[in-house]
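Colleague: Have a look at this one.
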């Protein structure tokens, strides 16, 4: 999973109907667990554009997407924001939400 800037997320959103963007902060323990789950998801779904960013460096996304907390996974389906996932329950749950 590559680190993306806001611009990379916007470009990906415009080029792919389905994509996901993981937002975290480095001192968040729950984010560390979510990151490990998403690494597994990225291996299982290599066709899905999936990037990540430290929310401290893409603050405008927090405002524009009304991010309530971290970790947060923005999921785009068919060109529209479909989910903002805050509870990373399990790898199977995430795979279901991304399929």
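Each reported figure results from applying straightforward, stated rules to the coordinates on display, with no laboratory input. Computed from a predicted model, the values in this text were never measured in an experiment. All Cβ positions, even for glycine, are placed from backbone atoms using ideal geometry, and neighbour counts span all protein chains on display.
Colleague: Over the Cα atoms, compute the radius of gyration (one decimal) and Dmax (the largest Cα-Cα distance, rounded to a whole number) for region 53-99, in Å.
Modeller: Over region 53-99's Cα set, Rg and Dmax evaluate to 11.3, 30 Å.
Colleague: Ranked by Cβ crowding within 10 angstrom, fewest neighbours first, how are 45, 52 ordered?
Modeller: In increasing order of surrounding Cβ atoms, one gets 45, 52.
Colleague: Could you please state, rounded to a whole Å, how far the C-alpha centre of region 67-99 is from the C-alpha centre of region 2-23?
Modeller: Cα centres, region 67-99 to region 2-23: 13 Å.
Colleague: Hey, another quick one. Treat each spin label as a single point 7 Å out from the Cα along the C-beta direction, and report the residue 57 to residue 99 distance in nm.
Modeller: That separation, rounded to one decimal, is 3.3 nm.
Colleague: Find the Cα radius of gyration of the chain, compare it with 2.2 N^0.38 Å by division, and give the number to two decimals.
Modeller: Against the empirical 2.2 N^0.38 Å value, I get 0.96 for the chain.
Colleague: Could I ask something else about it? Add -39500 (n - 2.57) for each DSSP H run of 4 or more in the chain, then divide by its residues: what number comes out at 222 nm, to the nearest 500 deg cm²/dmol?
Modeller: My calculation for the chain gives -12000 deg cm²/dmol from helical runs alone.
Colleague: With a/c under 1.5 counting as rounded, go ahead and sort region 1-58 into rounded, prolate or oblate using the C-alpha gyration tensor (a ≥ b ≥ c being the square roots of the eigenvalues; past the cut-off, prolate if a/b is larger than b/c, else oblate).
Modeller: Judged from the Cα gyration tensor, region 1-58 comes out oblate (a/c at least 1.5, b/c at or above a/b).
Colleague: Picking from 19, 53, 82, which is most flexible by a Gaussian network model of the chain using Cα springs under 10 Å?
Modeller: 82
Colleague: Quick one: compute the contact order of region 18-99, relative version, from alpha carbon pairs under 8 angstrom and 6+ residues apart, as a percent.
Modeller: Normalised by residue count, the contact order of region 18-99 is 39 percent.
Colleague: Take 21, 16 and order them by how many other Cβ atoms sit within 10 Å, fewest up front.
Modeller: Ranked by crowding around the Cβ, least crowded first: 16, 21.
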